[in-house]
Structure formats: structure tokens, C-alpha cells
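A short write-up of the structure that comes next.
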């Protein structure tokens with residue numbers, strides 16, 4: 001019994017003298033540290049999630065837009081195009097690129113013929129084609 005009391009007393013002395021480790025003091029994080037920690041956690045979540053997923057890549061073809069052809073009155077369109085051609089020649093009558101061999105009228109008629117080959121009469125794109133090529 002004396003032996004047991006001695007062991008019990010020894011255990012009591014050893015445990016009473018033992019110190020507990022102090023709690024770590026939480027220091028305040030700066031704004032930058034909080035942001036870095038936040039993004040570190042996001043990366044951690046993202047990497048664990050992506051390893052679980054089975055990535056399948058499917059390529060969907062783009063939808064082809066179907067444009068409606070806007071039609072206008074053919075006679076009005078013809079008048080408008082002719083006026084643009086004449087006005088272009090009036091603006092560039094003293095231009096060096098139009099000599100006696102290559103007159104402005106021939107140049108504008110060629111533009112009109114090219115645009116007529118691409119678009120039908122009455123289509124608004126015909127007028128736009130002539131306008132853009134005359135610039």
C-alpha cells in the first residue's frame with residue numbers, strides 16, 4: 001500500500017507541475033493576407049473538384065444566321081445608284097487616276113456590273129455594294 005501511495009503521489013506531482021501549452025494568439029490578418037488566403041482556399045476547392053469530374057468536351061457548331069433579303073422598289077434603287085455614280089464622277093472629275101483612256105464612267109459601270117453579279121436588283125445589299133466600292 002505504501003508503494004501504491006508513493007506511485008500515486010509521484011503521478012500527482014508530475015501532472016500538477018506539467019504545464020499546458022499556451023493557446024496560439026490569433027493575430028489579425030492584413031487585407032492582403034486575407035485575400036491571399038481566400039484565393040488559396042478557392043484553388044484548393046477547385047483542384048479537388050476538378051479531379052473528381054470527368055471532363056467531356058463537346059463542340060457545338062455555330063448556328064448559321066439566315067438573313068432575310070430586304071427588297072426595295074427596283075426603279076427607285078436604280079435611280080439612287082445612278083445618282084451615286086454620277087455624283088462620284090462629279091467629285092473626282094479632276095482626279096489624276098481618271099485620264100482620257102480610263103474615264104470615270106467606265107470605272108463606275110464596272111463597279112455596277114460587279115455588284116449586279118453578286119446581288120439581284122431590288123436587294124438593298126446591291127446599293128450598299130456600290131456605295132462601299134465607290135469610296
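No value in this document is a laboratory result; all are computed from the given coordinates. Quantities reported herein were computed from a predicted structural model and do not represent experimental measurements. In this analysis, Cβ positions are derived from the backbone assuming ideal geometry, glycine residues included, and neighbour counts consider all displayed protein chains.
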Notebook entry, point to check: So what's the back-of-envelope 222 nm ellipticity for the chain, counting only DSSP H runs of four-plus at -39500 (n - 2.57) apiece and dividing by all residues, rounded to 500?
Noted result: -20000 deg cm²/dmol
Next item on the list: Find the relative contact order for the chain and round it to a whole percent, using C-alpha pairs within less than 8 Å whose residues are 6+ positions apart.
Entry: 24
Note to self: Can you sort 39, 67, 107 from fewest to most other Cβ atoms within 10 Å of each residue's own Cβ?
What the structure shows: 67, 39, 107
Notebook entry, point to check: Where the Cα atoms of the chain are projected onto their three principal axes, how long is each span, largest first, in whole Å?
Noted result: 134, 37, 27
Item checked: Computed P(r) (all Cα pairs; region 74-134; 10 Å bins; percent) -> 23, 53, 21, 3
